[in-house]
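Visitor: One structure coming up, written as structure tokens, with questions to follow.
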Amino acid sequence: MLKTIYAWMWQTFPCEVLTWGNSSAPCPSTSQLGEVLEQQVAWAFKRDPLFHSCFRHGCFLSIKKESPVSAVASMVASWETLLLLLANLVWGAIAARPCSGSGSGSGMASDVSYCLSWRVAVEANNAQAWRTVPAQCTRYVEDYMLGGQYNRDLDTAIDQVFVYLNGTLAADDGMDAWILDVDDTCLSNLLYYKDKHFGGDPYDPLAFKSWAQKGVCPAIPAVLQLYKRLIEKGFKVFLLTGRDEVVFSSSTSQNLHAQGFTGHERLILRNQAYRGQGAAVFKSAIRKQLVSEGYRIRGNIGDQWSDLSGDCIGNRLFKLPNPMYFVP
């Protein structure tokens, strides 16, 4: 019966290329149905183990995973899921067909294209002073953050830091320094932003305060590995954050220590003298102070351009990806 439906569907919606997620392949024949379904399931697991509803972007599942075995077994056996699989194949066929009008498929493709361009503008610092992720891009940012591309971009950025680091040595006087931001550089706030539509909601200072004071932010593994390497090579590492010193000093210090960020020269938070000032102004002033103390800033890493602008920025800047929020 499934093959009959599949054959009818392909006759009704002819296409040359089938797409799902970031993958594409020639439209399969009726005899290849089983293989296609297996690829769909495998792609969904790889994309997001929580199976978030993402039908709009070609994902076929709208259920939550309860256990690794029982959920999958019931999912594959479910007629409802099979129908969703077929619906997704129809969607892939329609999306792949050339279209000169302004139908829904064309509009969705346009949204994805716009959101990709918008994210590039954010990372290039061409998009500035934005308060929230554009409404049509919240699902795109969710897919970016959870679907693997964020981790790949992050790893690529850290790989470039290692390339630079492998060619530098710390001087014997102990005054060669690196500066690392904390939020979404050393520690991840992704769990918090999942409840804020990945930046689609306006910044909520009270909610973030409650989150950060829990001290449960996980380390970003690639950055933690780099951090340990910097310490091993004899560099002085300064952790510089715009978090308020009075409110967050204890929770931030404990969180960093618990996640393995130990041995740094100093954790610097925003004190009363810099309250009300932008992150760029505050961090620029701190770097200038460190240079006046005799430190040579060899590298500077952050997820916001405000981490990297101003005075005494260092020999090399490394911007980590983050399209969820903007800090001036």
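The values are calculated or read from the model by the stated rules, or taken from the named source; none is laboratory data. What you see is a predicted model; the values in this text were computed from it and never measured. Virtual Cβ from ideal backbone geometry, glycine too; neighbours counted across all protein chains shown. Side chains are part of the model used for accessible areas, which takes the heavy atoms of the whole protein and leaves out ligands, DNA and RNA. Shrake-Rupley method; radii C 1.70, N 1.55, O 1.52, S 1.80 Å.
Visitor: Roughly speaking, what is the stretch gain from Ala135 to Thr156, that is 0.36 nm per residue apart minus the C-alpha to C-alpha distance, in nm to one decimal?
Guide: Residue separation times 0.36 nm, minus the Cα-Cα distance, leaves 4.7 nm.
Visitor: Follow-up question, since we're still on this one. What are the ³J(HN,Hα) values, in whole Hz, obtained from phi via the Karplus relation 6.51 cos²θ - 1.76 cosθ + 1.60 with θ = phi - 60°, for each residue of the range 279-286 in sequence order, with x given for Gly and Pro?
Guide: 4, 4, 5, 4, 6, 4, 5, 5
Visitor: Check which residues have an amide H placed less than 5 Å from Asp303's amide H, if you skip close sequence neighbours.
Guide: Leu320
Visitor: Also: Between Asn125 and Glu232, what is the spin-label point distance in nm, taking each point 7 Å from the Cα along the Cα→C-beta axis?
Guide: Going from the Asn125 label point to the Glu232 one covers 3.1 nm.
Visitor: Right, something else. Once ligands and nucleic acids are excluded and a 1.4 Å probe is used, how much of Asp204 is accessible, expressed in Å² to the nearest 10?
Guide: Approximately 50 Å² for this residue.
Visitor: Further question on the same structure: Pull up all non-local amide H partners of Arg296: gap of 5 or more, or a different chain, and H-to-H distance under 5 Å with H placed in the peptide plane.
Guide: Here Asp176, Ala177 satisfy the definition.
Visitor: Here is a further query. Give the shape of the range 235-328 as rounded, prolate or oblate, defined through the alpha-carbon gyration tensor: a ≥ b ≥ c are the square roots of its eigenvalues, a/c under 1.5 means rounded, and otherwise the shape is prolate if a/b is larger than b/c and oblate if not.
Guide: rounded
Visitor: What does the C-alpha gyration tensor say about the overall shape of the range 131-254? Classify as rounded when a/c is under 1.5, otherwise prolate if a/b is larger than b/c, or oblate.
Guide: Here the range 131-254 falls in the oblate category.
Visitor: Here's something else I'd like to know. With respect to the cross-link table entries Lys194/Lys236; Lys196/Lys233; Lys194/Lys319; Lys228/Lys288; Lys194/Lys233, which display a Cα-Cα separation exceeding 32 Å?
Guide: Lys194/Lys236; Lys196/Lys233; Lys194/Lys233
Visitor: Using amide H atoms built in the peptide plane, which far-off residues or other-chain residues are under 5 Å from Asp184 H to H?
Guide: For Asp184, whose amide H was placed from the backbone, the distant partners under 5 Å are Asn189.
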